[in-house]
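The values are calculated or read from the model by the stated rules, or taken from the named source; none is laboratory data. Please read all numbers here as calculations on a predicted model, not as lab measurements. FYI the Cβ positions are ideal-geometry reconstructions off the backbone, even for glycines, and counts take in every protein chain you see.
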Amino acid sequence: MENDLDKLARAAGDLATVAANRQELGVRAERLAERLARRRFNVSVLGEFKRGKSTLINAMLGLELMPTGVLPLTAVATEVGYGTPGATVVRLDGSTQEIGLEDLADYVTESRNPANERQVARVEVRAPVELLRPGVVLVDTPGIGSVFRHDEAAARAFLEADGAILVLSADAPLSEEEHKLLAALSERQAPTFFVLNRVDHLTASERDEVARFVTNAVAAELGHKERLWCVSARAALGARLAGQVPDENEGGDFAAFSEEFARFVELDLVQARLQTARAELGRLAHELDDSLAIEAAIAELDAASLAERVARLREAAADQHQAFEDERTLLQRDVATLAATIEKMLAEFAAQEPAKCDRQLVEVARATPVSQLEDVLRRTVESAVRGSFEQFRQAEAEHAEESWRRLAERFRDRTQERVNAVRAAAADIFQVELPQLAVPRVAEERERYFYLFLHVGSSTESMDRLLRRLLPPAIVRRRLLQRARRDLVAEFDKHAGRARWDLTQRLDAVRQRFEVAMAAELERSVETILAATTRAEELRSMAEVERRGRLRADTDARQAATAALGLIGER
């Protein structure tokens, strides 16, 4: 039975067929049809070597499917999707070979395929697991550090996936390569799950300490906090193979992680893809419908009359372009004002907060033995700065993001006015009915920007041990307290500066992306109308036989557009 995605794919394919000679519109329809027909939702499982990625995938599937306990082949990714059990080896030359799952290790492990002597590009594994049925493909990547160094195309594919799972290890958290990966992930839009594996090796207190360290380090790289799922993939897999649900003592957060990932698949992947596809199909159908209406309306105009009307349309479009540029200037001014306001708040925060933390330093200096005081004061400064900045971020981030959203929505509304002003002008000039067009709303995740940079380091200054022995304890205590106070002020000032820089960069980047997207909406609307006038001119110059064929094709195109709009409930 045909489902919603299949219906949308068929409608997009029909549009692509009838709009094949309409340049960009046909290309966009073809791309949409291809994306929907594939029904693949790639989720990259990322991480360094020996982090337990394959074991985690096995635990998620409830099958001992992927080879574990060996180093994966550096240049090979293994894709796991829904289907009859088996696997397809895709070689570098494009040839394929079907293999049994029992032979998988012969192609994807270093021990059995040294230096990739079998010339494997990737292996596509199939398993009849409900989690994968909607079209989810879990991509088990090799050591991502080497991929990012040597294969830009593969790295880009990993980062452009519909989702990602970053697997870290509790016994070796955050290598240099993983820091680089986090920096790359900070620029992507798709949701990412952060998993800390092998927590069964730790005591409860050790687990909390490592989790806190990793959470803060991830926040420092991404600019915002993410949920960290602390799991034991090995224990979870053992429980699932035994037909049990892993409890917290065995698998840590694994059960909760699995539940959240399943929710993500159903709502964020499938439903979001449906919603996006419906919107895109509707826009394509409307554009095709508009073009056909304009072409039909002006088909009988003589050359002079058409040229005069096109000139009027271009003048009207130029007026709206100028209005758009004026509004873009206003947006830049408003964003600069927003940035200045938050920068002022940061400066006031950094100036006032050290005094609030002073009592804590005094109490630590009074209660801690002199031999331990330097280290304890350093940790106290770090903790105070980290905690205070996190409270500030939580208190101000929502307000700042809402301020940006209001600015973006206002700019979007004005862009929509410009788009529909051009359409209204065209409708009046060519005496054709063109309904108003809705410009897409501001995207929730794509247009977010406000993340504070947070990374607190230790002071490099240290009091010489000999000096501590020579001076009376009271003087040492006083000097260490004075230095801790100076460090506290310096740290707040330093991190406020970093936050101001981060704010400016991120806000300016998201503003520019948003302006480009809105400019494209206006330009596409103008070009659709102008392209229709060009096609009408071409139609008039055609021979009669060619003209009749073109008119029949236009009838098919109108039927396809009508069917597509009917499918999404807009006609």
Inset, instruction - Scan region 460-484 residue by residue and report those that are part of a helix (DSSP H, G or I), at pLDDT below 80 and either surrounded by 15 or more Cβ atoms within 10 Å (Cβ to Cβ) or in contact with a strand residue (DSSP E or B) (Cβ under 7 Å, 6 or more places away or on another chain) (or both). - result: Arg468
Inset, instruction - Of the numbered conditions (1) exposed (fewer than 13 other Cβ atoms within 10 Å of the Cβ); (2) charged (D, E, K, R); (3) touching a residue at least 12 places away in the same chain (Cβ under 8 Å), Asp289 fails exactly one; give the number of that condition. - result: (1)
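Just to be sure, is Glu401 assigned to a helix (DSSP H, G or I), within 28 Å of the chain's Cα centre (by Cα) and of a type outside the set (S, T, N, Q)? Steps first, please.
Working: assigned to a helix (DSSP H, G or I): yes; within 28 Å of the chain's Cα centre (by Cα): yes; of a type outside the set (S, T, N, Q): yes.
Yes, satisfied.
Matching residues to (1) in contact with a Cys (Cβ under 7 Å, 6 or more places away or on another chain); (2) in the same structural domain as Ala496 (by TED's automatic domain parsing); (3) surrounded by fewer than 16 Cβ atoms within 10 Å (Cβ to Cβ); (4) part of a strand (DSSP E or B):
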position	(1), (2), (3), (4)
Thr215	no, no, no, no
Trp229	no, no, no, yes
Val245	no, no, yes, no
Glu260	no, no, yes, no
Inset, instruction - Assess whether Leu138 counts as being surrounded by fewer than 18 Cβ atoms within 10 Å (Cβ to Cβ), modelled with pLDDT of 90 or more and not in a loop (DSSP other than H, G, I, E, B). - result: no
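Among the residues of region 479-526 satisfying the criterion of being among the charged types (D, E, K, R) and more than 31 Å from the chain's Cα centre (by Cα), which is nearest to Thr337 (Cα to Cα)? Give the derivation first.
Going through region 479-526, the residues among the charged types (D, E, K, R) turn out to be 479, 483, 485-487, 491, 493-494, 498, 500, 502, 506, 508, 511, 513, 515, 521, 523-524.
Subsequent filtering for residues that are more than 31 Å from the chain's Cα centre (by Cα) retains 479, 483, 485-487, 491, 493.
On the way: Arg479: 42, Arg483: 37, Arg485: 33, Arg486: 32, Asp487: 31, Glu491: 26, Asp493: 22 Å.
Checked region 479-526; the qualifying residue nearest to Thr337 (Cα to Cα) is Asp493.
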Legend entry - The lone exception for Phe193 - which of (1) part of a helix (DSSP H, G or I); (2) in contact (Cβ under 8 Å) with a residue 24 or more places away in the chain it fails: (1)
Inset, instruction - For region 227-244, state whether one or more residues are without any contact (Cβ under 8 Å) to a residue 24 or more places away in the chain and not small (Gly, Ala, Ser). - result: yes
Inset, instruction - Quick one: which residue in Glu295, Glu325, Glu308, Glu315 is surrounded by 15 or more Cβ atoms within 10 Å (Cβ to Cβ) and either in a helix (DSSP H, G or I) or of a type in the set (Phe, Trp, Tyr) (or both)? - result: Glu295
Legend entry - Extreme residue, farthest from Glu280 (Cα to Cα), among residues of region 532-552 that are loosely packed, with under 14 Cβ neighbours inside 10 Å and within 44 Å of the chain's Cα centre (by Cα): Glu538
Inset, instruction - For residues that are under 15 Å from Arg486 (Cβ atoms), surrounded by fewer than 17 Cβ atoms within 10 Å (Cβ to Cβ) and either of a type in the set (A, V, I, L, M) or touching a strand residue (DSSP E or B) at 6+ places or on another chain (Cβ under 7 Å) (or both), tally how many sit in region 330-387. - result: 3
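Yes/no matrix, rows are residues, columns are (1) assigned by TED's automatic domain parsing to the domain that holds Glu348; (2) on the phi < 0 side of the Ramachandran plot; (3) modelled with pLDDT of 85 or more; (4) of a type in the set (Val, Ile, Thr):
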residue	(1), (2), (3), (4)
Arg486	yes, yes, yes, no
Arg500	yes, yes, no, no
Arg513	yes, yes, no, no
Leu530	yes, yes, yes, no
Asp554	no, yes, no, no
Ala560	no, yes, no, no
Leu567	no, yes, no, no
Arg571	no, yes, no, no
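Take the residues in region 100-132 that are of a type in the set (Asp, Glu) and not in a strand (DSSP E or B), then tell me which one is nearest to Pro142 (Cα to Cα). I'd like the intermediate steps shown before the answer.
As a first pass, look at region 100-132 and keep what is of a type in the set (Asp, Glu): 102-103, 106, 110, 117, 124, 130.
Filter once more, keeping what is not in a strand (DSSP E or B): 102-103, 106, 110, 117, 130.
Numbers: Glu102: 20, Asp103: 18, Asp106: 15, Glu110: 11, Glu117: 16, Glu130: 25 Å.
Only one residue fits best here, namely Glu110.
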Inset, instruction - Test Gln275 against the criterion of being in contact with a Lys or Arg (Cβ under 9 Å, 6 or more places away or on another chain) and polar (S, T, N, Q), and give yes or no. - result: no
Inset, instruction - Might you let me know whether region 25-44 holds any residue that is touching a residue at least 12 places away in the same chain (Cβ under 8 Å) and more than 27 Å from the chain's Cα centre (by Cα)? - result: no
Inset, instruction - Taking the options Glu102, Glu117, Glu124, name whichever one is surrounded by fewer than 16 Cβ atoms within 10 Å (Cβ to Cβ) and at pLDDT 85 or above. - result: Glu102
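Let's see how each residue does on (1) modelled with pLDDT of 90 or more; (2) farther than 30 Å from Arg35 by Cα:
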{"site": "Glu176", "(1), (2)": "no, yes"}
{"site": "Ser186", "(1), (2)": "no, no"}
{"site": "Thr203", "(1), (2)": "no, yes"}
{"site": "Phe213", "(1), (2)": "no, yes"}
{"site": "Ala217", "(1), (2)": "no, yes"}
{"site": "Cys230", "(1), (2)": "yes, yes"}
{"site": "Glu266", "(1), (2)": "no, no"}
Inset, instruction - Kindly indicate whether any position in region 7-21 is at pLDDT 80 or above, part of a loop (DSSP other than H, G, I, E, B) and either crowded, with 20+ Cβ neighbours inside 10 Å or in the same structural domain as Leu530 (by TED's automatic domain parsing) (or both). - result: yes
Legend entry - Flag for Arg51 being more than 30 Å from Asp200 (Cβ to Cβ), buried (at least 18 other Cβ atoms within 10 Å of the Cβ) and not assigned by TED's automatic domain parsing to the domain that holds Arg535: no
Inset, instruction - For region 263-285, state whether one or more residues are assigned by TED's automatic domain parsing to the domain that holds Ala496 and closer than 30 Å to Ser541 by Cβ. - result: no
